[in-house]
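J.: Pasting a structure below so you can have a look.
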Amino acid sequence: MRIALLQLNQKLGDPAANGARIEQAYAKAVAGGAELVVTPELAVVGYLAEDRMWEAGLRTRVANESARLADLSGSVPLVFGTFAPAPSGRLFNELWWCQDGKVRQVIQKRTLPSYDVFEEHRWFEPSPEPPKLIEHSGYRIGVSICEDLWADREFSSAAVHYSCDPIAELVKSGATLLLNASASPTMLGSWLPSGKFAPWAVPSKELQRKKLIQGLAKKYGVPLVYADRVGADSWLLFDGGSCLVQPDGSWQGGQRFTEAIVWVDTDAAGSSWPPYPDESAWLRDGLRLGMRENLAKQGLEAVVIGLSGGIDSSVVAAIAAEVLDPAHVLGVALPTAYSSGESLSLAKDQAARLGIKFLCMDADAPFAGAAAAMKTAFPARAFSVTDENLQSRARAMLLMALTSEPAVHQLLGSSRVAVLNTGNKSEAATGYFTLYGDGIGAFSILGDCLKARVYGLAHALGEAITPGILTRVPTAELRPGQTDEGSLAPYAILDAILGTALEAQRPEEGLADDLALLLEGEGLESARAILPRILNLLRRTEFKRRQLPFNLKISPKAFGQGRRIPLTAL
């Protein structure tokens with residue numbers, strides 16, 4: 001049976017737009033010889049529209065669009081994801097199997113994830129009964145929705161165990177083909193130093209998906225078809241990954257990070273599962289998609305980036321220049337008296353290399369004014385960390401001012417302008433940023449990237465990054481002789497701690513032993529010495545992270561929706 005998997009990019013809360021995309025793709029799939037057409041989970045409303053789904057008007061529009069899609073179905077079944085009201089006032093997460101203008105069967109999701117970024121019990125009710133098998137093209141098809149697949153305790157890496165196993169029940173009922181429609185966010189695994197292995201490291205979603213889908217197909221001896229969405233919404237990133245896996249483990253599928261009709265055939269031989277891409281190449285593709293989608297879906301057309309001559313801002317600018325026309329990207333150098341000539345030179349070179357607009361603004365003027373005001377109140381005061389923060393806030397004030405400045409709108413060709421945050425996860429984790437200073441922005445593209453991953457991404461960007469930036473010692477230049485590693489910790493050691501304690505969620509009591517797998521010699525001794533300080537910073541700076549722009553989730557444990565730490569739990 002030739003199956004078309006509609007690996008689509010939904011628009012949250014817009015049933016008409018999503019329905020039109022499904023209709024067009026369905027027509028194209030039927031014309032291409034499809035015998036079955038399948039969309040991802042909740043394709044009509046988008047995964048996940050969150051509290052928009054409480055809106056009566058949206059519920060009505062979803063119902064109307066779902067009925068319209070059912071009406072247009074022909075002899076080739078269209079299986080699409082939608083929702084319907086539950087008696088409780090919540091919703092059922094559903095797949096509608098539609099054929100010849102009718103809803104032939106409704107399949108409801110049985111297992112609702114409520115961990116990490118998921119909170120489906122807030123909006124949905126689990127199905128009260130298992131679905132029946134569907135006869136089609138000589139197969140008895142067992143249909144499930146996303147997390148239903150992850151209820152298997154042998155191959156799943158889900159954080160919870162469920163009281164039922166929908167896939168096992170479908171096979172027990174006689175299923176000869178398994179079909180799962182998903183909207184499963186992607187991610188890299190927890191960070192490890194190059195060449196190191198740790199048994200407790202969290203694997204990437206791609207490796208988790210491979211283990212699960214191959215394992216289930218082999219375990220039950222039936223083909224498994226998996227349809228997933230692509231795109232990005234807020235902090236969630238979806239790479240697609242739609243595929244078919246045969247009982248022998250062979251794979252058929254499509255390209256990652258690309259909206260497409262993915263063709264699979266239950267009667268065709270597959271190939272070996274494609275090799276996992278280089279991490280930095282994956283990261284470049286993922287962040288590029290995440291930036292493009294978040295800008296477009298929020299109606300933003302141009303961006304302003306504080307270009308410091310450092311690696312973080314250079315990487316953000318390089319990705320922005322790939323996503324947008326470089327003419328819509330403005331890099332801004334904001335020197336103070338403590339900024340070096342090298343910083344300004346590297347920032348200029350970086351902007352020229354990318355072909356983006358460039359501006360140099362004197363941040364000393366607003367900083368000096370604020371410092372003078374402090375001096376008036378406290379005549380005896382000396383230069384301190386207050387002045388370092390004032391410099392950062394002076395820069396932030398100027399960057400934000402540019403987004404509403406008519407001259408900038410003319411320069412960039414749009415009034416829909418936002419500041420992009422340039423911070424990284426290593427610094428966010430330790431509170432090494434200034435609130436209302438370098439913590440500003442519409443969103444943080446590197447906010448879930450440890451510093452080591454930023455360097456890897458910079459190398460993947462190749463000639464887009466000015467060479468001198470890669471070898472430069474990181475510094476915020478807020479006082480004479482300041483370096484980031486001197487103020488914080490060597491990044492190689494810091495990232496080993498954060499990759500273990502934060503991303504892999506290892507118990508604090510055994511962290512020193514865990515680090516022995518990743519570091520050795522002086523690095524291990526240094527890590528053990530600073531471990532209490534780093535963990536203390538991680539605990540005590542939660543209030544600062546609550547005020548950061550949202551970040552795109554690319555690791556197993558990102559700040560934001562998937563990590564809810566009380567401000568008072570120190």
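J.: Against the definition (part of a loop (DSSP other than H, G, I, E, B), at pLDDT below 95, surrounded by fewer than 20 Cβ atoms within 10 Å (Cβ to Cβ) and of a type in the set (S, T, N, Q)), how does Gln482 come out, yes or no?
T.: Values: part of a loop (DSSP other than H, G, I, E, B): yes; at pLDDT below 95: yes; surrounded by fewer than 20 Cβ atoms within 10 Å (Cβ to Cβ): yes; of a type in the set (S, T, N, Q): yes.
For Gln482, the condition - part of a loop (DSSP other than H, G, I, E, B), at pLDDT below 95, surrounded by fewer than 20 Cβ atoms within 10 Å (Cβ to Cβ) and of a type in the set (S, T, N, Q) - is met.
J.: Suppose we filter Leu244, Leu237, Leu307, Leu283 for residues that are assigned by TED's automatic domain parsing to the domain that holds Gly46 and in contact with a helix residue (DSSP H, G or I) (Cβ under 6 Å, 6 or more places away or on another chain); which single one remains?
T.: Values: Leu244 fails: in contact with a helix residue (DSSP H, G or I) (Cβ under 6 Å, 6 or more places away or on another chain); Leu307 fails: assigned by TED's automatic domain parsing to the domain that holds Gly46; Leu283 fails: assigned by TED's automatic domain parsing to the domain that holds Gly46.
Exactly one residue qualifies, and that residue is Leu237.
J.: Of all residues in the stretch 431-488, which are touching a residue at least 24 places away in the same chain (Cβ under 8 Å) and of a type in the set (D, E, K, R)?
T.: Asp438, Asp448, Lys451, Arg453, Glu463, Arg472, Glu477, Arg479, Asp484
J.: Please go through (1) under 30 Å from Leu344 (Cα atoms); (2) more than 21 Å from the chain's Cα centre (by Cα); (3) assigned to a strand (DSSP E or B) for Val303 and return the number of the only condition it doesn't satisfy.
T.: Every condition holds for Val303 apart from (2).
J.: Could you check Leu502 against (1) more than 21 Å from Pro203 (Cβ to Cβ); (2) part of a helix (DSSP H, G or I); (3) within 27 Å of the chain's Cα centre (by Cα) and say which number it fails?
T.: Here Leu502 meets the rest and fails (1).
J.: Here's another thing I want to ask about it. Just to verify a result, which residue in the stretch 524-570, among those that are assigned to a helix (DSSP H, G or I) and touching a residue at least 60 places away in the same chain (Cβ under 8 Å), is surrounded by the fewest Cβ atoms within 10 Å (Cβ to Cβ)?
T.: Applying the first criterion (assigned to a helix (DSSP H, G or I)) to the stretch 524-570 yields 524-540, 542-545.
In the following step, the residues that additionally are touching a residue at least 60 places away in the same chain (Cβ under 8 Å) were identified as 534, 537-538, 540, 544-545.
Details: Ile534: 21, Leu537: 17, Leu538: 19, Arg540: 13, Lys544: 16, Arg545: 21.
It comes out as Arg540.
J.: Determine whether Asp165 is touching a Gly at 6+ places or on another chain (Cβ under 9 Å) and either crowded, with 19+ Cβ neighbours inside 10 Å or more than 26 Å from Gly286 (Cα to Cα) (or both). Lay out the reasoning, then the answer.
T.: Numbers: touching a Gly at 6+ places or on another chain (Cβ under 9 Å): no; either crowded, with 19+ Cβ neighbours inside 10 Å or more than 26 Å from Gly286 (Cα to Cα) (or both): yes.
No, not satisfied.
J.: On to the next question. Within the stretch 372-406, can you find the residues that are small (Gly, Ala, Ser) and either buried (at least 18 other Cβ atoms within 10 Å of the Cβ) or under 32 Å from the mean Cα position of the chain (by Cα) (or both)? Let's see the steps before the verdict.
T.: Filtering the stretch 372-406 down to residues small (Gly, Ala, Ser) leaves 372-373, 377, 380, 382, 384, 392, 394, 396, 401, 404.
Those that are small (Gly, Ala, Ser) and either buried (at least 18 other Cβ atoms within 10 Å of the Cβ) or under 32 Å from the mean Cα position of the chain (by Cα) (or both): Ser392, Ala394, Ala396, Ala401, Ser404.
J.: As an exercise: evaluate Ile107 against (1) among the β-branched types (Val, Ile, Thr); (2) over 30 Å from Val30 (Cβ atoms); (3) buried (at least 24 other Cβ atoms within 10 Å of the Cβ) and give the number of the one condition it does not meet.
T.: Status for Ile107: all satisfied but (2).
J.: So, one more: Please find, within the stretch 61-93, the residue that is surrounded by the fewest Cβ atoms within 10 Å (Cβ to Cβ) out of those that are β-branched (Val, Ile, Thr) and within 30 Å of the chain's Cα centre (by Cα).
T.: So in the stretch 61-93, the residues β-branched (Val, Ile, Thr) come out as 62, 76, 79, 82.
Imposing the further condition that a residue be within 30 Å of the chain's Cα centre (by Cα) reduces the set to 62, 79, 82.
Working: Val62: 24, Val79: 27, Thr82: 27.
Among those residues, the one meeting the criterion is Val62.
J.: Another question, then. Right, Glu129: within 21 Å of Asp165 (Cα to Cα) and out of contact with any Gly (no Cβ under 7 Å at 6 or more places or on another chain) or not? First the steps, then the outcome.
T.: Details: within 21 Å of Asp165 (Cα to Cα): yes; out of contact with any Gly (no Cβ under 7 Å at 6 or more places or on another chain): yes.
Yes; evaluated as a whole, the condition is true for this residue.
J.: Working only within the stretch 1-45, note down all residues that are in a loop (DSSP other than H, G, I, E, B) and either surrounded by fewer than 17 Cβ atoms within 10 Å (Cβ to Cβ) or of a type in the set (D, E, K, R) (or both).
T.: As a first pass, look at the stretch 1-45 and keep what is in a loop (DSSP other than H, G, I, E, B): 1, 8-14, 32-35, 39-45.
Within the stretch 1-45, Lys11, Asp14, Gly32, Gly33, Glu35, Glu41 meet the criteria.
J.: Which number in (1) under 30 Å from Glu520 (Cα atoms); (2) at pLDDT below 95 marks the one condition that Ser163 misses?
T.: Here Ser163 clears every test but (1).
J.: Are any residues in the stretch 301-336 in contact (Cβ under 8 Å) with a residue 24 or more places away in the chain and more than 30 Å from Asp364 (Cα to Cα), and if so, which ones? Give the derivation first.
T.: At the first step, the residues of the stretch 301-336 found to be in contact (Cβ under 8 Å) with a residue 24 or more places away in the chain are 301-324, 326-336.
Scanning the stretch 301-336 gives Glu322, Val323, Leu324.
J.: For residues in the stretch 485-499 being part of a helix (DSSP H, G or I) and either at positive phi or of a type outside the set (A, V, I, L, M) (or both), which is surrounded by the most Cβ atoms within 10 Å (Cβ to Cβ)?
T.: We begin by selecting, within the stretch 485-499, every residue part of a helix (DSSP H, G or I); these are 485-487, 491-499.
Keeping just the survivors that are either at positive phi or of a type outside the set (A, V, I, L, M) (or both) gives 485-487, 491, 495, 499.
On the way: Glu485: 15, Gly486: 12, Ser487: 15, Tyr491: 20, Asp495: 26, Gly499: 30.
That would be Gly499.
Every residue, every condition in (1) assigned by TED's automatic domain parsing to the domain that holds Gln10; (2) touching a Lys or Arg at 6+ places or on another chain (Cβ under 9 Å); (3) outside any strand (DSSP E or B), yes or no:
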{"site": "Val103", "(1), (2), (3)": "yes, no, no"}
{"site": "Leu149", "(1), (2), (3)": "yes, no, yes"}
{"site": "His161", "(1), (2), (3)": "yes, yes, yes"}
{"site": "Leu179", "(1), (2), (3)": "yes, no, no"}
{"site": "Met187", "(1), (2), (3)": "yes, yes, yes"}
{"site": "Ser190", "(1), (2), (3)": "yes, yes, yes"}
{"site": "Ala201", "(1), (2), (3)": "yes, no, yes"}
{"site": "Glu206", "(1), (2), (3)": "yes, yes, yes"}
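The values are calculated or read from the model by the stated rules, or taken from the named source; none is laboratory data. Remember, predicted model here, so these are calculated numbers, not experimental data. All Cβ positions, even for glycine, are placed from backbone atoms using ideal geometry, and neighbour counts span all protein chains on display.
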